[in-house]
1. So how much slack lies between D154 and K106, counting 0.36 nm per residue of separation and subtracting their Cα-Cα distance, in nm?
2. How high is the relative contact order of the range 54-332, given as a whole-number percent (alpha carbon pairs under 8 Å, six or more residues apart)?
3. What is the spin-label model distance, in nm, from F232 to D277 if the labels are put 7 Å beyond Cα along the C-beta direction?
4. Return the sequence-ordered ³J(HN,Hα) values of the range 316-323 in whole Hz as given by the Karplus equation 6.51 cos²θ - 1.76 cosθ + 1.60 applied to θ = phi - 60°, using x for Gly and Pro.
5. Would you list, by chain and number, the aspartates and glutamates whose Cα falls below 16 Å from the Cα of K102, excluding same-chain residues fewer than 8 positions away?
6. Calculate the FRET efficiency for L245 and T90 from the Cβ-Cβ distance with a Förster distance of 51 Å, rounded to the nearest 0.05.
7. Under a plain spin-label model, where a point goes 7 Å from the Cα along Cα-to-Cβ, how far apart in nm are Q206 and T64?
8. Give me the extension gain from H129 to D268: residue separation times 0.36 nm, minus the current Cα-Cα distance, reported in nm with one decimal.
Amino acid sequence: MLPGKPVCVFFKSLIIHLACIGLAFSKGPDTTYIKPCRYFFNLTFSLTKPVFSTVLSNNNDNLTLKYRTLNPYRVGIAFDYRWFGLELTTNLPNLKSQNVRKGETKSSSFRFTINNRKIAVLAFLQSYHGFYLSDNKIFYNPLSQANPLPKRPDMKCVIYHTQLQYFLNNRRYSNPAAAGQYERQLKSSGSLVLHAGLQGTEYEAQESFVPGELSSRFTNLSPVRGLKTIQFFFGPGYQYSFIFLKNYFINASLLPALSWMENEEILDNHTNRKYKDFGIRYDGRLVAGYNGERFYYGTWFTGIWSNQKLLSGNYVDYTFQTFRFFAGWRFRTRKSLGFLGL
């Protein structure tokens, strides 16, 4: 079950973002650059691999602890009509050898998006239970496939995230053509993007995040049993779609941001220590594929990275990545629904 407090914060932030959606319905596109697919709905099949990792760094000793989740591949089917979309996914089973080496991760996820040419909203709420220590050579030989990795079935994490993006060059650049394929970008173009949002991360564990063998190397972090981070971020970014051979495209996006954050460390004696500071984060995306009159396919990578300093003097990095392959078909409709731009 997802904790109640993150759920409340998530939906409050989402409502604020949705209050801005009335700005999304503006002048139409330059049809020499963008071809809207107004009277089509998209049916898309996908194969997705999500990866979530947390890195604790002791800069003095140049030592890191990298915890990762074992998330299975997901197969899905999505229905998209203009800016509105729904997707159903199911997990593929992991190989038995993966479970032996890395343990098991139980996860749940809720995702909501609005992908308009002028405004985009991305919101998700995710929980993970079960991590493994992936890359510390003190514990295992990385070349040995048979050697199990140190597992942390007691570690839990909840992430809540909402983000609003505004595209200044929305008449000649189409984000729906790059992410969703329910428009078509006819000529290469890009846009400056202003984005803002909120992200929270909550960790808890029954034992210290630092294994006993390394407690002397992370003395300030050894008593920590929980981490809570909330950050508000804002920044400019840029997206660009390169069109070649008429229907093929490569889309790249980089959205850096300055963030104000509050970090809270929960100690084993049930006391807390907080630290407020400014930090940085990056959102990135790379998509390549084919977007024809009816058929489309491609592959994409998205990533969110943020770095925070703790009161203990150590640093924590959160990274969320998604690898995805998709293929779909457009079906023609006879008329629009007649409300909310649908």
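Since every read-out is calculated from the coordinates, none of them should be taken as a lab result. Computed from a predicted model, the values in this text were never measured in an experiment. Backbone-built Cβ (ideal geometry, glycine too); neighbour counts: all protein chains shown.
1. 16.1 nm
2. Dividing the mean separation by the residue count of the range 54-332 yields 13 percent.
3. The modelled label-to-label distance comes out at 2.0 nm.
4. 10, 10, 10, 10, 10, 10, 9, 10
5. D135, D154
6. Efficiency at R0 = 51 Å is approximately 0.90.
7. 2.9 nm
8. Length difference between fully extended and current span is 48.1 nm.
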